[in-house]
Amino acid sequence: MLVLVINCGSSSVKYNLIETSDGSDLCKGMIERIGAVTSIVKHQPTGKKQIKDTRVITNHTDALQEIMNYLLSPDSEIISSPSDIKAVGHRVVHGGEMFKDSVLIDDDVTEAIQQAFDLAPLHNPPNLKGIQAAKEHLPNVPHVAVFDTAFHHSLPAHAYLYGIPNRLYRRYKIRKYGFHGTSHYYVSRQYYKICNKPVDQTKVVTCHLGNGASIAAIKGGKSIDTSMGFTPLSGIVMGTRSGDLDPSILFYIMEKEEIPMNSLHALLNRHSGLLGLSGYASDMRDLIEEANNGDRRCQQAIDVFCYKIKQHIGTYTATMNGCDAILFTAGIGENSSLIRKQSVAEMDYFGIEIDDERNENVKPGEITKISTDSSRTDIYVVPTNEELVIAIDTAKIAQAKSQSPWV
Ligand code: ADP
């Protein structure tokens, strides 16, 4: 089934056109800086040259129009009619407590996504805009919401409850939700295909290390703990997000810097993490380069990042009473041998030993074992594919809808 996957941010739309029968990507692309004076448009048809251009795109509906125009243009030869697209899958960041699985989007689902605006003010509103825009352009196909939070619904209460009055959980649903669920799900499933062990006996730590980063403990195929929490701000240090802090720091900063709540929000979400620590960049490639040139703060940012990863691996090994495999994924996890090496350094007490040569020779896009043969815990680099998970879930739900006698 040909599925269009949409991932909308506040000023960007990413898309992939995926044939789910073989998982192939026909085309992917991105529109950035929507609403700015000029927007940047990138289309990447598989196996062909990338098309990069600038346009005036003022909102998400126009962005979807641009994507449809490109897919339908005779030059690109991707599809000949909108009806070639059989379903649309939407990444929705926060599903709250309600959504344990992906769902067909109807009015009730739209309302529930809206109700979760409070929980993810940066993500859910643009996600919904994307749904509305895509429905305008493709009104006759099923639209499916795939939630970042859904895979972590299996967290037990002792992992998702915070140490605050329980009525706050009951009243406002303040609890750990966890994010990057599609990625943690995908890479753990890739590991199960090669591990020669029944899934219900496996214990895996997945490290999704991109601009946003999170780590999950996956026992018997189910997420039982993860580093992100009520929002994607918590957990390990990220590109621009602080990760976990002593909550008192927030009151202290507000008082000392005399800043209001929204400035604090921006400080922790956009000016902290690797960027804040280094005072230089949020991008790991830039940090590594500058650290190699002797920049002490860039080196410290890298050290903090790796230390947090190592702490989580240790914590989750204790949580699961063992760990069969550590899986590195996403931009940093897949591409940086240095970060992988430093994150698992000196963990032989846990039976974790990285093989330097294997670690240095990971081929892009391939699942690669990077632990020594004597390591009790396997370490793998596993390329993630969140879009494929969204496409496959969407196809399943769209197919079920088409076969249901009730619709
Ligand atoms: P997101 O999807 O969260 O925006 P990505 O998964 O694309 O992020 O990861 C982006 C991060 O990956 C950036 O910090 C980037 O510097 C890092 N990255 C990509 N390639 C490399 C590399 N070769 N070495 C180190 N870091 C890399």
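The values are calculated or read from the model by the stated rules, or taken from the named source; none is laboratory data. Being a predicted model, the structure only gives us computed values, none of them experimental. Note: ideal-geometry Cβ built from the backbone for every residue, glycine included; neighbour counts use all protein chains shown. The accessibility values were calculated without ligands, DNA or RNA, using every heavy atom of the protein model including side chains. Shrake-Rupley method; radii C 1.70, N 1.55, O 1.52, S 1.80 Å.
For region 86-125, which positions are within 20 Å of Glu387 (Cβ to Cβ), over 20 Å from the mean Cα position of the chain (by Cα) and open to solvent by less than 30 Å² (accessible area, probe 1.4 Å)?
Once the filter is applied, which keeps residues that are within 20 Å of Glu387 (Cβ to Cβ), over 20 Å from the mean Cα position of the chain (by Cα) and open to solvent by less than 30 Å² (accessible area, probe 1.4 Å), region 86-125 yields Ala87, Ile105.
I need the full set of residues from region 284-323 which are within 16 Å of the ligand (Cβ to nearest atom), touching a Leu at 6+ places or on another chain (Cβ under 7 Å) and more than 20 Å from Glu334 (Cα to Cα), in order please.
If the condition is that a residue be within 16 Å of the ligand (Cβ to nearest atom), touching a Leu at 6+ places or on another chain (Cβ under 7 Å) and more than 20 Å from Glu334 (Cα to Cα), then Cys298 is the only one that fits.
Return the pair list, or none, for Cβ contacts closer than 7 Å from residues in region 338-358 that are of a type in the set (S, T, N, Q) to residues that are away from the ligand (no atom under 16 Å from the Cβ) and modelled with pLDDT of 95 or more, at least 6 apart or on different chains.
Note: pairs meeting the criteria are Ser343/Lys310.
Would you mention how many residues in region 376-397 are within 15 Å of Val92 (Cβ to Cβ) and of a type outside the set (Ser, Thr, Tyr)?
7
I'm told Glu290 meets every condition in (1) surrounded by fewer than 21 Cβ atoms within 10 Å (Cβ to Cβ); (2) at pLDDT 95 or above; (3) out of contact with any Cys (no Cβ under 7 Å at 6 or more places or on another chain) except one. Can you identify the failing condition by its number?
It is condition (3) that Glu290 fails.
Where residues in region 126-181 are open to solvent by less than 40 Å² (accessible area, probe 1.4 Å) and of a type in the set (Lys, Arg), which of them is nearest to Arg91 (Cα to Cα)?
Result: Lys176.
Name the residues in region 355-406 that are part of a loop (DSSP other than H, G, I, E, B) and surrounded by 12 or more Cβ atoms within 10 Å (Cβ to Cβ), would you?
Asp355, Val362, Ile367, Ile370, Thr372, Ser375, Arg376, Val382, Pro383, Thr384, Asn385
With Gly130, Gly96 as the choices, which residue is among the small types (Gly, Ala, Ser) and touching a Cys at 6+ places or on another chain (Cβ under 8 Å)?
Answer to the check: Gly130.
Okay, residues lined up against (1) on the phi > 0 side of the Ramachandran plot; (2) at pLDDT 95 or above:
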| residue | (1), (2) |
| --- | --- |
| Thr202 | no, yes |
| Val205 | no, yes |
| His208 | no, yes |
| Gly221 | yes, yes |
| Ser227 | no, yes |
| Pro232 | no, no |
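I'd like to verify a number: residues in region 332-346 that are open to solvent by 10 Å² or more (accessible area, probe 1.4 Å) and aliphatic (A, V, I, L, M), how many?
Here the count works out to 3.
So Asp348 fits all but one of (1) at pLDDT 95 or above; (2) more than 12 Å from the ligand (Cβ to nearest atom); (3) within 17 Å of Cys306 (Cα to Cα); what number is the exception?
So the condition that Asp348 fails would be (1).
Yes or no, residue by residue, for (1) of a type in the set (D, E, K, R); (2) without any contact (Cβ under 8 Å) to a residue 40 or more places away in the chain:
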residue	(1), (2)
Leu4	no, no
Ser10	no, no
Val13	no, no
Ile31	no, yes
Ser39	no, yes
Arg55	yes, yes
Asn59	no, no
Leu64	no, no
Leu71	no, no
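Tell me the residue from His94, His43 that is under 24 Å from Gly212 (Cβ atoms) and of a type outside the set (Lys, Arg), please.
His94
Please note which helices (runs of 4 or more DSSP H) are completely contained in region 150-226 and include at least 3 residues that are within 16 Å of the ligand (Cβ to nearest atom).
The qualifying helices (runs of 4 or more DSSP H) are 181-194.
Would you point out the residue of region 15-29, among those that are touching a residue at least 40 places away in the same chain (Cβ under 8 Å) and assigned to a loop (DSSP other than H, G, I, E, B), that is surrounded by the fewest Cβ atoms within 10 Å (Cβ to Cβ)?
Restricting to residues being touching a residue at least 40 places away in the same chain (Cβ under 8 Å) and assigned to a loop (DSSP other than H, G, I, E, B), the top hit is Gly23.
Quick one: is Ala266 at pLDDT 95 or above and either of a type outside the set (S, T, N, Q) or surrounded by 15 or more Cβ atoms within 10 Å (Cβ to Cβ) (or both)?
Considered against the rule, which asks whether it is at pLDDT 95 or above and either of a type outside the set (S, T, N, Q) or surrounded by 15 or more Cβ atoms within 10 Å (Cβ to Cβ) (or both), Ala266 comes out as no.
Just name the residue that is most open to solvent (accessible area, probe 1.4 Å) out of those in region 182-216 that are among the hydroxyl-bearing types (Ser, Thr, Tyr) and more than 25 Å from Phe305 (Cα to Cα).
Taking the candidates together, the pick is Tyr192.
For Thr329, state whether it is open to solvent by less than 30 Å² (accessible area, probe 1.4 Å), within 16 Å of the ligand (Cβ to nearest atom) and free of Cβ contacts under 8 Å to residues at least 60 places away in the same chain.
no
Working only within region 51-65, note down all residues that are open to solvent by less than 60 Å² (accessible area, probe 1.4 Å) and either touching a Gly at 6+ places or on another chain (Cβ under 9 Å) or of a type in the set (Gly, Ala, Ser) (or both).
Across region 51-65, the qualifying residues are Ile57, His60, Ala63, Leu64.
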